[in-house]
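The values are calculated or read from the model by the stated rules, or taken from the named source; none is laboratory data. Treat the numbers as computed from the prediction; the structure is a model and nothing was measured. Using ideal geometry, Cβ is built from the backbone for each residue, glycine included, and neighbour counts are taken over all protein chains shown. SASA here: full protein model, heavy atoms, side chains in, ligands and nucleic acids out. Shrake-Rupley method; radii C 1.70, N 1.55, O 1.52, S 1.80 Å.
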Amino acid sequence: MSASEIVNKVWNYAHVLRDDGVGYGDYVEQITFLIFLKMADEREESGQQVAVPAKYSWSKLVKLDGDALEIQYRHTLEELGKAGGMLGTIFRKAQNKIQDPAKLERLIKMIEKEAWSTLPVDVKGEIYEGLLERNAQDVKGGAGQYFTPRPLIQAMVDVMQPDVMDTVADPATGTGGFLLAAYDYMAPKATSKKEQKHLREKALRGNDIVDSVTRLCAMNLYLHGIGSADGECPVISQDALAKEVSDNDRVDIVLANPPFGKKSSITVISEKTGKAESEKLTYEREDFWATTSNKQLNFVQHIYNMLKIDGKAAVVVPDNVLFEGGAGETIRKNLLERTNLHTILRLPTGIFYAQGVKANVIFFDNKPAAKTPWTKKLWIYDFRTNVHMTLKTNRLKKSDFEEFIKLYKPNDIKKRKATWDEKKGEGRWRSYSYDEIVARDKTNLDIFWLKDDALEDTENLPAPEVLAAEIVEQLEAALEEFRSVEEVLIRE
């Protein structure tokens with residue numbers, strides 16, 4: 001059975017459970033627990049040592065049905081969640097969400113039919129990635145914020161070119177897409193035992209604030225052959241922004257798409273009203289240039305602090321990071337001065353499962369302290385103007401980034417050449433000097449120069465479904481802006 005056939009088979013059962021109130025996210029989580037237990041059982045049968053105690057093994061579950069199965073499964077999740085290493089990360093705070101023992105038994109039997117450990121690593125990974133992508137499409141569940149389009153991830157890794165002995169980190173890991181793409185890029189170069197060991201155990205580091213997402217990421221890495229059940233887990237669950245970065249935690253490369261949404265907040269119970277209220281969350285850190293409740297701006301500052309000297313970062317950020325005043329301006333100026341902020345990739349709308357998102361990728365290299373700004377020239381590739389993407393009819397493909405990757409010239413960015421031709425009004429790739437940038441109001445980096453054809457040519461408009469999707473995105477983006485204005489007014 002092919003990977004896609006297994007994905008369809010396993011996913012089709014999600015619809016059955018959906019009728020019982022088990023959401024797609026919960027379903028993928030339960031699949032995670034069961035596939036792990038099945039793989040551990042297969043490895044034990046082949047003579048390998050496994051970290052799962054015998055009394056909580058897959059072989060115990062398979063023999064049971066009815067209430068006895070439900071009780072055994074619940075105890076298994078609770079006890080394995082107390083373990084250390086990768087095992088503990090996968091089962092941390094795990095709960096049984098499938099209350100009907102008959103449906104749980106059917107799911108176990110479906111997984112029992114496949115020999116997961118004998119599947120090639122890339123097939124196992126493909127199956128699980130397929131499930132995660134299906135889950136990301138469940139926009140109502142909010143899962144889409146964790147899923148960055150794979151062609152974009154691939155393009156970012158291709159230009160960052162991680163070396164086999166590098167350390168690569170993602171402080172908002174989601175389900176591990178960036179770490180896995182970096183691993184796939186580095187793996188063919190790992191020829192010695194030392195390099196292979198580094199790649200499996202030390203090269204990748206991840207972090208996510210949501211326990212259930214960290215669990216999916218840990219399982220995703222495990223299915224791709226990264227880490228071991230009883231070894232230290234490459235990903236942890238905590239608030240990445242909560243504490244300063246120590247010297248030992250600095251890395252060579254950061255690849256990230258921090259979660260969408262402008263403001264950080266926590267829910268508290270008001271002493272006066274007894275009702276739940278949202279309270280603005282700011283991070284007071286001495287290593288930050290500015291104090292703000294803007295989550296994305298905080299992640300940009302945090303990622304800068306994660307880098308070793310000459311370390312490199314590629315970060316997906318929404319447009320507001322490029323133009324917002326106050327803390328935003330302070331942060332942009334510091335980036336231009338303290339790092340070589342050499343590239344911005346303007347992304348098309350319609351590529352994320354979260355609607356209404358206008359995003360970019362910023363690329364910068366950390367540098368030692370200097371008297372003059374490190375950024376001499378900022379290159380921008382406009383892949384947004386006159387580009388119409390949708391998740392259904394015109395999905396993002398790896399080939400869409402071929403020109404950008406070619407023009408980026410990662411080995412020698414000084415040899416870059418602009419494609420912008422002012423006479424013809426064509427070309428998506430051009431540069432701006434440091435002086436030109438800082439002369440702009442609020443050091444605004446939201447720069448574009450191409451004419452929007454939709455405004456010029458009313459006879460050759462995009463297809464109605466593309467126009468409709470763009471209208472929806474514009475309205476949702478506007479709504480998000482109104483919400484942030486409302487928050488300010490309420491606070492004042």
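Could you say whether any residue in region 465-483 is over 26 Å from residue 323 (Cβ atoms) and at pLDDT 75 or above? Looking through region 465-483, none of the residues is over 26 Å from residue 323 (Cβ atoms) and at pLDDT 75 or above. When 397, 414 are checked against the criterion of being over 28 Å from residue 324 (Cβ atoms), open to solvent by 20 Å² or more (accessible area, probe 1.4 Å) and within 22 Å of the chain's Cα centre (by Cα), a single residue qualifies: 397.
Here the condition is being open to solvent by 30 Å² or more (accessible area, probe 1.4 Å) and without any contact (Cβ under 8 Å) to a residue 24 or more places away in the chain; of 26, 19, 41, it holds for 19 alone.
Quick check, is residue 107 of a type in the set (A, V, I, L, M), touching a Pro at 6+ places or on another chain (Cβ under 6 Å) and either open to solvent by less than 20 Å² (accessible area, probe 1.4 Å) or over 22 Å from residue 174 (Cα atoms) (or both)? No, not satisfied. The set of residues in region 417-435 being in contact (Cβ under 8 Å) with a residue 40 or more places away in the chain and either within 30 Å of the chain's Cα centre (by Cα) or buried (at least 16 other Cβ atoms within 10 Å of the Cβ) (or both) consists of 428, 429, 430, 431, 432, 434. For region 138-159, the condition holds for no residue, the condition being that it is modelled with pLDDT of 85 or more, under 21 Å from the mean Cα position of the chain (by Cα), small (Gly, Ala, Ser) and part of a loop (DSSP other than H, G, I, E, B). One residue alone among 170, 239 is open to solvent by less than 10 Å² (accessible area, probe 1.4 Å) and either out of contact with any strand residue (DSSP E or B) (no Cβ under 6 Å at 6 or more places or on another chain) or touching a residue at least 40 places away in the same chain (Cβ under 8 Å) (or both), and that residue is 170. Among residues of region 382-410 that are assigned to a strand (DSSP E or B), those with a Cβ under 7 angstrom from a residue that is open to solvent by less than 30 Å² (accessible area, probe 1.4 Å) and at pLDDT below 95, sequence gap 6+ or separate chain, pair up as 382/450. Against the criterion of being modelled with pLDDT under 95, surrounded by 14 or more Cβ atoms within 10 Å (Cβ to Cβ) and aliphatic (A, V, I, L, M), residue 445 does not qualify. Give me a count of the residues in region 55-74 that are touching a helix residue (DSSP H, G or I) at 6+ places or on another chain (Cβ under 7 Å) and in a helix (DSSP H, G or I). The number of residues fulfilling the criteria is 12.
Consider residue 119 carefully, then state whether it is at pLDDT below 95, over 12 Å from the mean Cα position of the chain (by Cα) and hydrophobic (A, V, I, L, M, F, W, C). Answer is yes for this residue. Scan region 164-208 for residues that are within 15 Å of residue 256 (Cβ to Cβ) and in a helix (DSSP H, G or I) and the total you get is 6.
For region 209-226, a residue qualifies if it is in a loop (DSSP other than H, G, I, E, B) and either among the basic types (Lys, Arg) or at pLDDT 80 or above (or both), and the qualifying residues are 209, 210, 226.
Would you mind finding the one in 325, 311 that is farther than 28 Å from residue 248 by Cβ, at pLDDT 75 or above and of a type in the set (Gly, Ala, Ser)? Sole residue among the options that is farther than 28 Å from residue 248 by Cβ, at pLDDT 75 or above and of a type in the set (Gly, Ala, Ser): 325.
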